[in-house]
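The values are calculated or read from the model by the stated rules, or taken from the named source; none is laboratory data. Worth saying up front: this structure is predicted, and the values here are computed from it rather than measured. Heads up, the Cβs are rebuilt from the backbone with ideal geometry, glycines too, and the neighbour counts pull from every protein chain shown.
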Amino acid sequence: MNDLGIIFWIYAWLIVLANTGVALYGLITRPSLLKKIACLTILADTSFIILALIGYRFTYPVKPYILTTWNPSEADIQRLVASSVDPLPPTLTITAVVINLSITILLVFLAIRLYEIYGTNSVKKISMLKKQERGAGEG
Amino acid sequence: MTWAKIITAISILVILFALAYGLFYLGIAGPPAPTSLRSLGAKYLEYMLGNNKYYTASSPEGVTAILWDYRGLDTLYETMVLFAAVIASVLIYREYLEKRETRTRPRGLSLIVRSVSKIILWLTIIVSVGLGLTGQLTPGGGFVGGAAFAVVPVLVLLAYSVAYNVKLGITKNRALLQRTIALLCLSAIILIPLLFSGYVFQNQLKPGTSFCYPGRFLDGTPLGGNLFFLNTAELFAVAGAFTLAFILLGLIAGAREEAP
């Protein structure tokens, strides 16, 4: 592997770390539910990049995990194994993408319902309103 | 700066440091910048269209072979999570299930947006169905195709209106029906081998049974056994589920606009 490869490798992992930091920061500090959902999506997408990086290999030529002949000989298969990227991380990525999409839809529906009930998407305001409700109920 | 903010910043930094330490020093993600393939991935690639009749998935595409054959149960449970999530989101707004779509006002964006989206609409349909049906040959498959197909109702919803979706025949009841039928087909494909004394989720020939899904089309194109059928069912199931969710979102937004 040449120097350019190493530079790219370190750069990609630094981007992953930075993305994780941004997503965690948003998840923890932003009170808006929509921003929390967006940050959760960023975190999920970062994990897809991690999977893609884990599955990549620094060889030349690097190919996708597809046999281009439909009646492959043993030599064809060995040639694919010698140059292909790992097929398992992309599989996990597909699984994770769909789960992420469905969970996001569920969270969006919940956020809309909360907005309808409380008139706001901020968790801080919602907890304040909740306290007021409880106070009114006791009084 | 309050204490809460300082603690948050420190905890995020600690998490990032732990992640970096694990990745770079402990090598959790494997050796940095690997030049060779892991043995598990290499085995999958060797067997997927290889000559071993018990191990083959009869598919030249690695990801689909792993997704629906070698790690099929994994994908089955993932499908269950997907549909549980969609059903849960629909149940949160169950009152809209009885509501008719046509009551919302037919509105839309400008002529330019509508004309452009009409072209993109057809392109999306062709690409997504192509992705779904050729999943055993090229990258793609049911999930990818279905998720791409779900863009169609969103595009119609944004450029035209919910009412136009109804005019095109995309309604939430049909989406629900499509999703249910597709899921039943999926379970049938998984259970059919049992009728012929095979195994659940069996694809190609396995020891102790003579059952085998057809590995090739008549012209010799790899069919991947049940991979093609599972991908097709999954395409319709995922497209139906997401269409249902997006139409409901459109209805909720429409009701919000109509409310005084």
**OP:** Determine if the range A:29-41 includes at least one residue that is surrounded by 16 or more Cβ atoms within 10 Å (Cβ to Cβ), at the interface with chain B (Cβ under 9 Å from one of its Cβ atoms), in contact with a helix residue (DSSP H, G or I) (Cβ under 6 Å, 6 or more places away or on another chain) and closer than 30 Å to B:Gly142 by Cβ.
**Re:** no
**OP:** Considering (1) more than 26 Å from B:Ile181 (Cβ to Cβ); (2) at pLDDT 85 or above; (3) surrounded by fewer than 12 Cβ atoms within 10 Å (Cβ to Cβ), say which one B:Leu91 fails and leave the rest.
**Re:** (1)
Subject >> Subset of the range B:132-155 (residues that are assigned to a helix (DSSP H, G or I), in contact with a Gly (Cβ under 9 Å, 6 or more places away or on another chain) and in contact (Cβ under 8 Å) with a residue 24 or more places away in the chain) >> reply: B:Gly132, B:Leu133, B:Gly142, B:Phe143, B:Gly145, B:Gly146, B:Ala148, B:Phe149, B:Pro153, B:Val154
**OP:** Scan the range B:156-205 for residues that are in contact with a helix residue (DSSP H, G or I) (Cβ under 8 Å, 6 or more places away or on another chain), aliphatic (A, V, I, L, M) and assigned to a loop (DSSP other than H, G, I, E, B) and jot them down.
**Re:** B:Ile170, B:Val200
Original post:
So which of B:Ser187, B:Ser197 ends up being of a type outside the set (Asp, Glu), within 30 Å of B:Tyr70 (Cβ to Cβ) and within 17 Å of the chain's Cα centre (by Cα)?
Top reply: B:Ser187
Original post:
Restricting the range B:195-212 to residues that are of a type outside the set (S, T, N, Q) and free of Cβ contacts under 8 Å to residues at least 24 places away in the same chain, which is surrounded by the most Cβ atoms within 10 Å (Cβ to Cβ)?
Top reply: B:Gly198
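Any idea which of B:Leu67, B:Leu73 is more than 10 Å from chain A (Cβ to nearest Cβ) and either exposed (fewer than 15 other Cβ atoms within 10 Å of the Cβ) or modelled with pLDDT of 85 or more (or both)? Quick ask: steps written out before the conclusion?
Values: B:Leu67 fails: more than 10 Å from chain A (Cβ to nearest Cβ).
Going through B:Leu67, B:Leu73 in turn, the sole match is B:Leu73.
Listed here are the residues, each with its yes/no results for (1) polar (S, T, N, Q); (2) touching a Phe, Trp or Tyr at 6+ places or on another chain (Cβ under 8 Å); (3) in contact (Cβ under 8 Å) with a residue 60 or more places away in the chain.
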residue: A:Gly21; (1), (2), (3): no, no, no
residue: A:Leu24; (1), (2), (3): no, no, no
residue: A:Ile28; (1), (2), (3): no, no, no
residue: A:Ala38; (1), (2), (3): no, no, no
residue: A:Thr59; (1), (2), (3): yes, no, no
residue: A:Ala82; (1), (2), (3): no, no, no
residue: A:Thr104; (1), (2), (3): yes, no, yes
residue: A:Met128; (1), (2), (3): no, no, no
Original post:
Within the range A:81-112, restricting attention to residues that are more than 7 Å from chain B (Cβ to nearest Cβ) and not hydrophobic (A, V, I, L, M, F, W, C), which residue is farthest from the chain's Cα centre (by Cα)?
Top reply: A:Ser83
Subject >> Residues located in the range A:64-80, provided they are within 30 Å of B:Val238 (Cβ to Cβ) and either part of a helix (DSSP H, G or I) or more than 8 Å from every other protein chain (Cβ to nearest Cβ) (or both) >> reply: A:Leu80
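Of the residues A:Ala136, A:Ala111, only one is in a helix (DSSP H, G or I), more than 19 Å from A:Arg30 (Cβ to Cβ) and aliphatic (A, V, I, L, M); which?
On the way: A:Ala111 fails: more than 19 Å from A:Arg30 (Cβ to Cβ).
Residue meeting the stated conditions: A:Ala136.
So which residues in the range A:84-119 are polar (S, T, N, Q) and modelled with pLDDT of 90 or more, if there are any at all? Let's see the steps before the verdict.
Of all residues in the range A:84-119, those polar (S, T, N, Q) come to A:84, A:91, A:93, A:95, A:100, A:102, A:104.
Within the range A:84-119, A:Ser84, A:Thr91, A:Thr93, A:Asn100, A:Thr104 meet the criteria.
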Subject >> Qualifying positions in the range B:144-194 - within 14 Å of another protein chain (Cβ to nearest Cβ) and surrounded by fewer than 14 Cβ atoms within 10 Å (Cβ to Cβ) >> reply: none
Original post:
Taking the range A:1-11 only, how many residues are touching a residue at least 40 places away in the same chain (Cβ under 8 Å) and either more than 10 Å from every other protein chain (Cβ to nearest Cβ) or not in a helix (DSSP H, G or I) (or both)?
Top reply: 1
